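Comments concern the structure below.
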Amino acid sequence: MRPVRYIRARTVLEAVDAFAQARGNARYIAGGTTLYDLMKLGIERPTCLIDIATLEGADRIDTEGDRLFFGAGALMADVAETRSIVRDYPLLAQSLWKAASQQLRNMATVGGNLLQRTRCPYFRNGAAGVYPCNKRDPGSGCAAIGGLDRSQAVLGVSDACNAVSPGDWPVALTAMNARIELVGLDGARTVSIDDFYQLPGSTPHIEFAMAPGEIVTGITIPKTDAGRRSTYHKIRDRESYAFALASAAVALSMDGDEVRQAHVALGGVATRPWRASETEALLQGQTLTYERALDAARASFNGARPGAHNKFKIELGARTVADAIMIAARGTNHVA
Ligand SMILES: Cc1cc2nc3c(=O)[nH]c(=O)nc-3n(C[C@H](O)[C@H](O)[C@H](O)COP(=O)(O)OP(=O)(O)OC[C@H]3O[C@@H](n4cnc5c(N)ncnc54)[C@H](O)[C@@H]3O)c2cc1C
């Protein structure tokens, strides 16, 4: 049994200060649905937990201003059920309600969702030293490369890591050009979601552009009419309560049948939420057909680097994107 100190913070500054005083061995805890798992597996071993679940105002959801705002402490279930989000940004609502289970979504926060760790089986099951993992034990190697890699990434892979970025919500946020608000000992700053997630390269243990002790306070999204023609399309081994094999977040601005602007991001296939820039560029100004959507979708997989058992993700991923584009274009993808 290892003793763990528990602190309930009342304000963001109190939380940041408590983290600094714990000298690097602290973790923030929100819903706890990921962190407690990782502690039980021996992957996370904090000596101090700083509870940020009840920080005042942390669960604020604001859809009234010139941008959408989600406090990091807002529950996944609450955001997924916000009526104006369901109506005007179905991709955001769907990315949340297609994730995890209702019980988990009632506990888990949208801030914690951003920071969840990979579900790579070698990362999660090797804490006792059975499998090397550069993400868990930097420099130890990667058992997934050349191992059982059916669920691993094909995009953004390096010689050190091919673990999939697991979250659904970050994929939708990437398509919507979200910005992440952070507060640390040095003050407040915002970072674009593209800069927030790191490629593994030779340092797969560095996943987020965060300084030690920084706290995510909120997420903002510029408002866009493209939200109305949007979808989050998630393909998995079973239809609920499973992580994505491939997913696509798509939002379209259309002029009749012509695409004025496309927002496309991929999940389940890459080491970070993946902006499908090639697909977006090929769709712009085009009259939409399924064949064109599939050609554009395939372009985002040109740099794919599959292993022995996950080549299928290239075709599955492209077809998932193409289907999502056609669903989004219909603009009838609303849940009442
Ligand atoms: C069985 C199961 C199935 C799941 N399926 C899916 C799925 O299909 N799709 C999907 O996207 N997710 C899935 N999840 C993951 C789930 O969505 C996450 O566990 C959840 O979103 C994490 O939120 P939390 O508030 O519980 O985070 P916590 O567990 O409290 O924290 C997670 C991490 O974030 C840090 N943290 C939390 N909040 C902040 C903050 N504001 N600032 C700085 N650091 C912070 C913590 O220190 C910790 O490292 C699944 C989880 C389980 C257990």
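One table, with the values for the structure above:
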quantity: Failed criterion for Gly285 (all others in (1) modelled with pLDDT under 95; (2) on the phi > 0 side of the Ramachandran plot hold); calculated: (1)
quantity: Which numbered condition Arg330 fails, given (1) of a type in the set (Lys, Arg); (2) at pLDDT 95 or above; (3) more than 16 Å from Val171 (Cβ to Cβ); calculated: (2)
quantity: Selection within region 64-86 - closer than 16 Å to Ile180 by Cα and of a type outside the set (A, V, I, L, M, F, W, C); calculated: Arg67, Gly71, Gly73
quantity: Residues within region 14-57 that are out of contact with any strand residue (DSSP E or B) (no Cβ under 8 Å at 6 or more places or on another chain) and of a type outside the set (Ser, Thr, Tyr), tallied; calculated: 17
quantity: Selected residue (criterion: most open to solvent (accessible area, probe 1.4 Å)) from residues of region 30-43 that are near the ligand (Cβ under 7 Å from one of its atoms) and not hydroxyl-bearing (Ser, Thr, Tyr); calculated: Asp37
quantity: Residue in region 261-269 that is free of Cβ contacts under 8 Å to residues at least 24 places away in the same chain, over 25 Å from Phe208 (Cα atoms) and out of contact with any Gly (no Cβ under 7 Å at 6 or more places or on another chain) present; calculated: no
quantity: Any hit, region 169-185, residues being farther than 28 Å from Arg45 by Cα, over 17 Å from the mean Cα position of the chain (by Cα), open to solvent by 30 Å² or more (accessible area, probe 1.4 Å) and outside the structural domain of His263 (by TED's automatic domain parsing); calculated: no
quantity: Any hit, region 16-29, residues being closer than 19 Å to Ala172 by Cα and more than 15 Å from the ligand (Cβ to nearest atom); calculated: no
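The values are calculated or read from the model by the stated rules, or taken from the named source; none is laboratory data. Treat the numbers as computed from the prediction; the structure is a model and nothing was measured. We place every Cβ from the backbone using ideal geometry, glycine too, and count neighbours over all the protein chains shown. Just the protein is used for accessible areas: all its heavy atoms, side chains included, with ligands, DNA and RNA removed. Shrake-Rupley method; radii C 1.70, N 1.55, O 1.52, S 1.80 Å.
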